[in-house]
Every structure is written in structure tokens, then in C-alpha cells.
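Accompanying notes for the structure given below.
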Amino acid sequence: MQALKEAILQRGKVLPGDIVKVDGFLNHRVDVELIEAIADEFAARFAAAQPDLVLTIEASGIAIAYAVAKRMKLPMVFAKKGEARNIGKDVYAADITSYTRGLTYGAFVSKAHLHAGDRVLIVDDFLANGQAALGLAAICEQAGAPVVGVGIAIEKSWQRGGELLRGKGLDVHSAAIIASLEDGNIRFAE
Ligand code: 5GP
């Protein structure tokens with residue numbers, strides 16, 4: 001998506017550890033117009049998959065998932081982070097290792113908000129090693145809810161998340177795919 005690529009080039013910053021900082025428009029300060037344009041693209045791309053709900057994880061996925069859910073007229077659920085055992089047993093839970101922080105944390109969704117047979121569209125801001133998306137997919141599997149698509153704002157294609165998710169048969173669409181960050185230069189896949 002051209003507008004997202006331009007925003008990444010003009011307003012993004014490459015940090016050590018293959019991290020792209022986009023907090024000026026995506027996950028701290030939020031460019032609502034841009035997020036809505038990403039949502040339009042996801043809505044068109046995943047309409048045929050007929051999702052029943054949009055699932056993301058707090059906090060960075062929420063703005064995009066909200067926009068997608070509004071555009072597709074669907075409910076949105078976000079997985080919470082924390083110790084699932086403190087929340088009780090009425091949750092589906094997965095452990096996720098954070099790409100940016102390196103820590104492993106629990107992610108959980110209340111059984112009241114995700115049901116067997118719900119067709120789920122997973123949405124997140126980044127795809128790196130795929131741990132966040134795989135954790136959300138594991139939560140869906142526990143619920144008996146099929147994942148009918150994965151919409152990612154920015155995929156980093158040299159990291160293994162895309163391969164892992166597609167290898168599991170998941171239909172992944174990324175609005176912008178970064179192919180490399182060599183010497184701080186952002187190069188897109190297409
Ligand atoms: P994964 O779980 O695929 O390894 O990483 C995805 C998660 O890590 C996303 O939810 C995102 O919050 C964070 N993340 C991964 N790579 C980046 C990056 O380059 N920049 C930022 N801002 N977040 C990232």
C-alpha cells in the first residue's frame with residue numbers, strides 16, 4: 001500500500017535489532033486517515049473470507065483492528081497481556097515472546113468473547129517472528145474458532161513469521177512488506 005510505504009520512508013526510523021519505529025503514525029501517535037486506508041485494504045482483501053470478528057492483541061494492534069472491525073461491521077476483541085492464571089480458568093491463553101522486548105508474557109481472551117465456530121480475522125501492526133500471530137491463532141484453536149485470515153500492517157519478510165504462518169496454511173496479507181533494513185535503508189519487497 002503506497003501511502004503506508006511513504007509514511008514508513010518519511011516518518012519511520014530504523015532502530016538497532018531490526019526494529020522499525022513507527023510511533024509517529026501507527027502505534028503511539030495514530031494517523032487515523034492512514035489507519036482507515038489500511039482498514040479499507042484489509043476489508044476488500046478479506047471480505048470473501050466472511051469473518052465474524054476481528055482479533056488482535058493489546059496495545060499496538062487495537063487501533064488498526066478497531067478500524068478494520070468498523071469498516072467490516074464486525075465486533076473486535078483484543079487479547080489482554082498478563083498472567084492468565086490470575087484471571088481464572090474462563091480464558092483461552094497462550095504464551096508469546098515479545099519481539100521488541102524479548103520477554104515472554106501470557107496473552108488471554110475470555111471464553112465469553114470467543115466462541116466455537118467464530119470465523120476470526122487476526123490483525124496486528126507488525127509481523128516479525130510470528131509469535132504474536134501464532135499465539136492468537138493458538139487461542140482461536142483452543143476456542144474451536146477458525147482463523148480465516150491474518151492482516152498485518154507491516155511485515156518484515158526476512159524474519160520467519162510470514163513463512164511460519166503461511167506454512168500453517170494461514171492466509172496472510174500485509175499492507176507493506178519490508179524486505180531489508182541494511183545500513184538503515186528501508187527496502188520494500190515490491
Ligand atoms: P512477532 O510476534 O511477529 O515476532 O512480532 C510482532 C509483534 O512485535 C508486534 O505485535 C509488534 O508489536 C512487535 N514488533 C515486531 N517487530 C517490530 C518492529 O520492527 N517495530 C515495532 N514498532 N514493533 C515490532
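The values are calculated or read from the model by the stated rules, or taken from the named source; none is laboratory data. Since the structure is predicted, the reported quantities are computational estimates derived from the model, not experimental observations. In this analysis, Cβ positions are derived from the backbone assuming ideal geometry, glycine residues included, and neighbour counts consider all displayed protein chains. Ligands, DNA and RNA are excluded from the accessible area calculation, which covers all protein heavy atoms including side chains. Shrake-Rupley method; radii C 1.70, N 1.55, O 1.52, S 1.80 Å.
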*Take the solvent-accessible surface of the protein heavy atoms, probe 1.4 Å, and return the percent of it on the chain that carbon and sulfur atoms account for.*
48 percent
_Just the number please: accessible area per residue for the chain, 1.4 Å probe, all protein chains included, in Å²._
50 Å²
_Translational diffusion of the chain, µm² s⁻¹ [Kirkwood Rh, Cα pairs; Stokes-Einstein; 20 °C; 1.002 mPa s]_ = 129 µm²/s
*Determine the gain in length on full extension of the stretch Glu6-Lys21; use 0.36 nm per residue of separation and subtract their C-alpha separation, reporting nm with one decimal.*
4.0 nm
*asked:* To test your reading of the geometry: what angle, between 0 and 90 degrees and rounded to tens, separates the Cα axis of helix 32-46 from the longest principal axis of the chain?
replied: 60 degrees
*Note the angle between two axes, namely the Cα long axis of helix 62-72 and the longest principal axis of the Cα atoms of the chain, as a number of degrees from 0 to 90, rounded to the nearest 10.*
80 degrees
*Under a straight-distance cross-link criterion of Cα-Cα below 17 Å, which aspartates and glutamates are reachable from Lys81, leaving out those fewer than 8 residues away in the same chain?*
Glu58, Asp90, Asp95, Asp124, Asp125
_Taking the alpha-carbon distance from Lys13 and a cut-off under 18 Å, which lysines remain once sequence neighbours fewer than 8 residues away in the same chain are dropped?_
Lys5, Lys21, Lys156
*Using only helices, what value at 222 nm comes out for the chain when you add -39,500 (n - 2.57) per DSSP H run of length 4 or more and divide by the total residues, to the nearest 500 deg cm²/dmol?*
-9500 deg cm²/dmol
*Just how much of Lys168 is accessible, in Å², when a 1.4 Å probe is used and the result is rounded to the nearest 10?*
130 Å²
*Rg to Rh for segment 119-190: what is it, with Cα atoms only and Rh by Kirkwood?*
1.02
*asked:* Can you tell me, using C-alpha contacts under 8 Å and at least 6 residues apart, the relative contact order of segment 55-190 as a whole percent?
replied: 20 percent
*Virtual spin-label span in nm between Arg101 and Lys168, 7 Å along Cα→Cβ*: 2.1 nm
_Return the equivalent ellipsoid semi-axes of segment 1-70 as a descending list in whole Å, where each equals the square root of 5 times an eigenvalue of the C-alpha gyration tensor._
23, 14, 11
